[in-house]
Every structure is written in structure tokens, then in C-alpha cells.
Amino acid sequence: MTKVGSAAKRHRQSEKRRVRNRSVRSQVRTGTRKFLEAFQANEKENAQQRYLELTKLIDSAASKGIFPRNSAARKKSRLHKKLNAIISSQ
């Protein structure tokens with residue numbers, strides 16, 4: 001363990017952030033998987049609902065600093081292209 005109190009505190013803080021970030025990243029990956037499953041099954045309504053939920057998760061993660069803003073925007077843009085493809089095909 002560390003001898004310096006400030007280093008110990010910093011370690012505790014980084015550990016809390018690591019656990020939180022890991023949880024949020026996992027939620028985003030799960031949401032993405034569910035959206036892609038709906039997309040592949042060609043379920044328009046389900047895909048739209050999943051997309052709305054997923055964008056909320058991605059925006060939340062970006063605001064917390066887990067994803068960079070541009071990275072979050074890129075993810076949403078790519079998913080939105082898929083959503084538009086499924087909507088226009090039906």
C-alpha cells in the first residue's frame with residue numbers, strides 16, 4: 001500500500017471510477033447488441049425503441065467522460081444509419 005495519504009485517496013478514487021466506467025461501458029455494449037439483434041431481425045418498431053434507449057446511454061456516458069464526445073457522436077451516427085436503412089426499406 002502507499003505511504004502517502006494523497007496517493008491512497010487517489011487510488012480509491014480511480015478504483016471507484018474504474019468500476020463505474022466498466023459498468024456503463026457494459027450497458028452501452030449490451031444496448032448495442034440488442035439494437036443490432038432487432039436490426040438483423042428487421043423489426044422496425046423494436047429497433048427504433050432500442051435506438052432511443054441506446055442514444056440515451058451513449059449521451060450519458062459521454063457527459064460523464066467515459067466516452068469522448070466525438071466517439072459518442074460517431075457511434076450514434078453509425079447506428080442511426082442502420083436505423084434509417086431499416087425504416088426506408090419498409
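The values are calculated or read from the model by the stated rules, or taken from the named source; none is laboratory data. Not measured: the values here are computed from a predicted model. So basically every Cβ, Gly included, is an ideal-geometry build from the backbone, and we count neighbours across all protein chains shown.
Checked against (1) within 12 Å of Phe35 (Cα to Cα); (2) in contact (Cβ under 8 Å) with a residue 40 or more places away in the chain, Gln49 passes all but condition (2). A single member of Ser88, Ser71, Ser60, Ser77 is part of a helix (DSSP H, G or I), within 14 Å of Val28 (Cα to Cα), of a type in the set (Ser, Thr, Tyr) and more than 9 Å from the chain's Cα centre (by Cα), and it is Ser71.
For every residue, the table says whether it meets (1) modelled with pLDDT of 95 or more; (2) surrounded by fewer than 12 Cβ atoms within 10 Å (Cβ to Cβ).
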| site | (1), (2) |
| --- | --- |
| Ser14 | yes, yes |
| Ser23 | yes, yes |
| Val28 | yes, no |
| Gly31 | yes, no |
| Lys44 | no, no |
| Gln49 | yes, no |
| Pro68 | yes, yes |
| Ala73 | yes, no |
| His80 | yes, no |
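All of (1) surrounded by 12 or more Cβ atoms within 10 Å (Cβ to Cβ); (2) within 26 Å of Asn84 (Cβ to Cβ) hold for Ala8 with one exception: (2). The residues on offer are Ala7, Ala38, and the sole one that is part of a helix (DSSP H, G or I), within 13 Å of Leu79 (Cβ to Cβ) and not basic (Lys, Arg) is Ala38.
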